[in-house]
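Trainee: One structure is given below, represented as structure tokens, and several questions about it will come after.
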Amino acid sequence: MGKILWGAAAIVVLVLAAVAGVLAFDAPSKPPTLASIQDPFATVDFRDMPPVQTYATRDGVKLGYRVYEGGGDQIVVMIHGSSDDSSGMHALARAMKDAGASVYVPVLRGHYGSPHQGDIDYIGQLDDDLADMVAMLRAAHPKASLSLIGFSSGGGFVLRVIGGSDEKLFDRFIMISPALPPRAPTHRPNYGDWAAVAVPRIVALSLLNGIGVDWFNGLPIVAFATSPKVKSLTSWYSFRLAVNFAAPQRDYRTTLQRSRKPVALLVGGSDELFYPDKFAPTLQPGRPDLKITIVPGLGHIGMVVSPAGIAAIVTAWREMVTPVKTSRNTHAVPSR
């Protein structure tokens, strides 16, 4: 019996040593700058970008947002992609304003312009921040209709909201080139060279969180191919930020299926990070009324900066706000 106990103790020590080694040394290596993600923003005119305003969150922190006042009773909350800040959605937000919506683009916690760039305090804090922003909007616009639109990782975050407890805050959802969970068939190898992930560290942290140990959740687990010349980009995410700013990891199909709110998805036909033609077979079996639009010839960033991508998104939003009976092409399925 003594030998068995000593053997078990030795195994525990070895496992703990292995976990400690992974936590200490398995930091993600920053990949080379990915020009296809950085360069398209050079076409955007930022001179008319509105200044950052602030709203109060439940923990007393004032987070920023930009507002594009469009008047009327339609409000759009717009979530940017990974590593970016609110300015990355400027071209699309401006077009949505011209279409009649008042657009609010939050400065997401953990990103440029917020406390602790690259990290948040706990998993779920982004959800709380979004709910606090919506409370502010509802107080100012009690009769408004709210849409949630997210791009890339922001699109994955929208999927997190869909079917969850915060789904009731919004009337409709649009996912633009959404980042589904890492094992989804929509991902290109190595995330299209956009992100480097420390998989062993993720496994170790997931195991620790499974037994209630979250002490090390601030460790970096993903690094992005950002340009060091652009200071507003966040080059890495901690475990808790990466988990929170993402689609549900295991039941994302079920999440979408149990929602009864209108949802649309758009993606560029030449997206470098995701396989455009795999979104439909991945998501539509559980939600056959999901409208999916593939915009020919557009890359990942092109969806939110090019005239064709922006026009497709505005059109999709208009159809959801004012549904009309039209014939659909093979890329679109009628909404409920």
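The values are calculated or read from the model by the stated rules, or taken from the named source; none is laboratory data. Just so it is clear, the model here is predicted, and its values are computed rather than measured. Because the Cβ atoms are built from the backbone with ideal geometry, glycine has one as well, and the counts that use them run over all protein chains shown.
Trainee: Please go through the stretch 65-90 and give me each residue that is surrounded by fewer than 22 Cβ atoms within 10 Å (Cβ to Cβ), small (Gly, Ala, Ser) and either under 15 Å from Pro40 (Cβ atoms) or in contact (Cβ under 8 Å) with a residue 60 or more places away in the chain (or both), ordered by number.
Mentor: Within the stretch 65-90, Ser87 is the sole residue that qualifies.
Trainee: OK, next. Among (1) crowded, with 17+ Cβ neighbours inside 10 Å; (2) modelled with pLDDT of 95 or more; (3) in contact with a Leu (Cβ under 7 Å, 6 or more places away or on another chain), there is one condition Ile149 misses while meeting the rest; what is its number?
Mentor: (3)
Trainee: Can you tell me which residue within the stretch 295-315, out of those that are more than 19 Å from the chain's Cα centre (by Cα) and buried (at least 18 other Cβ atoms within 10 Å of the Cβ), is farthest from Ser147 (Cα to Cα)?
Mentor: My answer is Leu298.
Trainee: Return yes when Arg172 is more than 14 Å from Ala242 (Cα to Cα) and either in contact with a Ser or Thr (Cβ under 6 Å, 6 or more places away or on another chain) or free of Cβ contacts under 8 Å to residues at least 40 places away in the same chain (or both) and no when it is not.
Mentor: Judged against the criteria, Arg172 is a match.
Trainee: While we're looking at this one, here's another question. Of the residues that make up the stretch 103-114, is at least one free of Cβ contacts under 8 Å to residues at least 40 places away in the same chain and under 24 Å from Thr315 (Cα atoms)?
Mentor: Looking through the stretch 103-114, at least one residue is free of Cβ contacts under 8 Å to residues at least 40 places away in the same chain and under 24 Å from Thr315 (Cα atoms).
Trainee: From the list Gly113, Gly71, which residue is modelled with pLDDT under 95 and either among the polar types (S, T, N, Q) or more than 25 Å from Asp171 (Cβ to Cβ) (or both)?
Mentor: Selected residue: Gly113, the only one of Gly113, Gly71 that is modelled with pLDDT under 95 and either among the polar types (S, T, N, Q) or more than 25 Å from Asp171 (Cβ to Cβ) (or both).
Trainee: Something else about it: For the stretch 107-124: of the residues being crowded, with 24+ Cβ neighbours inside 10 Å and in contact with a Phe, Trp or Tyr (Cβ under 8 Å, 6 or more places away or on another chain), which is farthest from Ala308 (Cα to Cα)?
Mentor: Gly110
Trainee: Next question, about the same structure. Do we find that Gly212 is of a type in the set (Gly, Ala, Ser), touching a residue at least 24 places away in the same chain (Cβ under 8 Å) and either at positive phi or in contact with a His (Cβ under 6 Å, 6 or more places away or on another chain) (or both) in this structure?
Mentor: Judged against the criteria, Gly212 is not a match.
Trainee: Starting from residues that are among the hydrophobic types (A, V, I, L, M, F, W, C) and assigned to a loop (DSSP other than H, G, I, E, B), keep the ones in the stretch 108-129 and report whichever is nearest to the chain's Cα centre (by Cα).
Mentor: Filtering the stretch 108-129 for residues among the hydrophobic types (A, V, I, L, M, F, W, C) gives 108, 120, 123, 126.
From the residues that got through so far, the ones that are assigned to a loop (DSSP other than H, G, I, E, B) too are 108, 120, 123.
Numbers: Leu108: 10, Ile120: 15, Ile123: 14 Å.
Among them, the one singled out is Leu108.
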